[in-house]
């Protein structure tokens, strides 16, 4: 069952991610083993978000030192490709959209946080700190779609939100199309959100986004 689902995720990524010049799929996950489902799901979430943002923004892919590749575990920003989110009319750079890069905390710079997805300031450096962050997002793959997020996972993400001091600086600039509920710090899962912790999520400036996948279920936003 899990292998079939991962194949569906791969197929969805191919449909969501296309080179502008050729219309062909990126293929960034071709060499990724099904033994690494977390990364496949993280990349799916990122592509689904960018696909929605592309309706109101220009999205530009920028290579890193390793070319057009993304980290399968937290890595140095300079090494990996990122996306620029631009104003569709003026082409002004609004945000950087990064996958899996290490972020430092000013109060303890030897401690880094590897956000699955981070929206960073347009001028954020290749050695980013929490002051460069706009929004952060995390993705939790579940082997069973009916598995709920637990409070430990939610609290861990809430602490990261607090450390990064997000959200900030998005009002009027970041424009989703259909996924308007995602203009927040989001904890994604292909499993289920946990309504018991709705108020905790609100208090801590985050949303659980359950059923966020490729099987046609309606996503469930809690928080």
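Of the peptides 150-161, 113-124, the order by per-residue mean of other Cβ atoms within 10 Å, starting with the highest, comes out as 113-124, 150-161. Each residue in 184, 66, 106 was given a count of other beta-carbon atoms within 10 angstrom of its own, and listing them fewest first yields 106, 66, 184. Exposure proxy ranking for 83, 68, 212, based on other Cβ atoms within 10 angstrom of each Cβ and starting from the fewest, stands as 68, 83, 212. Put in order of Cβ neighbour count within 10 Å, fewest first, the listed residues 47, 133, 219 become 219, 47, 133. Approximating the spin labels as points 7 Å out from Cα along Cα→Cβ, the residue 205-to-residue 156 distance works out to 2.2 nm. Descending by average beta-carbon neighbour count within 10 Å, the peptides 50-62, 134-146 line up as 134-146, 50-62, the highest first.
Computed from the coordinates by the stated procedures, all read-outs in this text should not be read as laboratory data. Everything numeric here is computed off the predicted structure, so don't read it as measured data. Backbone-built Cβ (ideal geometry, glycine too); neighbour counts: all protein chains shown.
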